[in-house]
1. Relative to the Cα centre, what is the charge dipole magnitude of the chain, using +1 at the beta carbon of each Lys and Arg, -1 at the beta carbon of each Asp and Glu, and rounding to the nearest 20 debye?
2. Tell me which GluC sites (Glu not before Pro) from region 4-54 have a DSSP coil assignment and no more than 13 other beta carbons within 10 Å of their own.
3. Lys/Arg Cβ at +1, Asp/Glu Cβ at -1, dipole of the chain taken about the Cα centre: which of Ser33, Thr16, Ala46 is farthest positive-ward?
4. Summing -39500 (n - 2.57) over the DSSP H runs of n ≥ 4 in the chain and dividing by its residue number, what mean residue ellipticity at 222 nm do you reach, to the nearest 500 deg cm²/dmol?
5. Counting alpha carbon pairs within less than 8 Å and at least 6 residues apart, what relative contact order, in whole percent, applies to the chain?
6. How many nm separate the modelled label positions at Asn10 and Lys24, each set 7 Å beyond the Cα in the direction of the Cβ?
7. Lys24: which lysines have alpha carbons under 17 Å from its alpha carbon, excluding same-chain residues fewer than 8 sequence positions away?
8. Working from the alpha-carbon coordinates of the chain, get Rg over Rh, Rh being the Kirkwood radius.
Amino acid sequence: YPDVSPGVANWTLIETDEEYQRYKESAFRHYMSWFYDEVDEDHASATFFNINGVELIKEKRRKA
């Protein structure tokens with residue numbers, strides 16, 4: 001995913017309810033894949049990435 005502009009990662013712009021839900025569901029899917037030792041991709045990193053996305057949205061909502 002390309003950055004929106006230099007120094008602005010596109011994932012930092014997430015904020016909608018749909019994105020929140022999608023990140024949570026993706027975190028769970030990747031966690032379960034990690035738990036069952038699937039090795040087709042780095043599920044541990046993907047789990048943390050998605051959790052960070054959810055937490056970013058929560059933080060933005062607290063500040064709004």
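Just so it is clear, none of the values below were taken in a lab; they were calculated from the coordinates. Computed from a predicted structure; not experimentally measured. As a convention, Cβ positions derive from the backbone with ideal geometry for all residues, glycine included, and neighbour counts pool all protein chains shown.
1. Numbers: 8 positive and 13 negative charges, 101 e Å.
Charge dipole of the chain: 480 debye, to the nearest 20.
2. Those satisfying the criteria are Glu15, Glu38, Glu41.
3. Result: Thr16.
4. Calculated mean residue ellipticity at 222 nm is -21500 deg cm²/dmol.
5. Taking the mean separation of contacting Cα pairs over the length of the chain, I get 36 percent.
6. The two pseudo-label positions are separated by 2.4 nm.
7. Reachable lysines: Lys58, Lys60.
8. Radius of gyration relative to Kirkwood radius: 1.04.
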